[in-house]
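K.L.:
Attaching a single structure in structure tokens format; questions to follow.
The values are calculated or read from the model by the stated rules, or taken from the named source; none is laboratory data. Worth saying up front: this structure is predicted, and the values here are computed from it rather than measured. All Cβ positions, glycine included, derive from the backbone under ideal geometry; neighbour counts span all protein chains shown.
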Amino acid sequence: MIAALGTLAFLATLWLLVVVGAAVLEESGGRIAAALKGNVQQDVAVPVRLRSRPRLQQPMRAKPRLRAAA
């Protein structure tokens, strides 16, 4: 029984590797083929906008004060 479960786990892992490998080749297969042929593909620079919020107010800090006895 353990051998059957081990075989099933092995086959599931192998299937997952095949599916992930096919997805990678589908996404970047053209670039890999061009690289193997020796063609250099220039990456196009995409401008990226960074947004940051300016601080409106400085954080308040507590200051210790001594009270006079009444």
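K.L.:
Provide a single number: the residues in segment 36-55 that are closer than 20 Å to L25 by Cβ and at pLDDT 75 or above.
P.N.:
Qualifying residue count for the region: 4.
K.L.:
Next up: Being of a type outside the set (S, T, Y) and part of a loop (DSSP other than H, G, I, E, B) is true for just one of A22, A45. Which residue is that?
P.N.:
Details: A22 fails: part of a loop (DSSP other than H, G, I, E, B).
From the options A22, A45, the qualifying one is A45.
Yes/no matrix, rows are residues, columns are (1) of a type in the set (G, A, S); (2) over 20 Å from the mean Cα position of the chain (by Cα):
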site	(1), (2)
A9	yes, yes
L14	no, yes
V18	no, yes
E27	no, no
A33	yes, yes
V46	no, no
L50	no, no
R53	no, yes
R65	no, yes
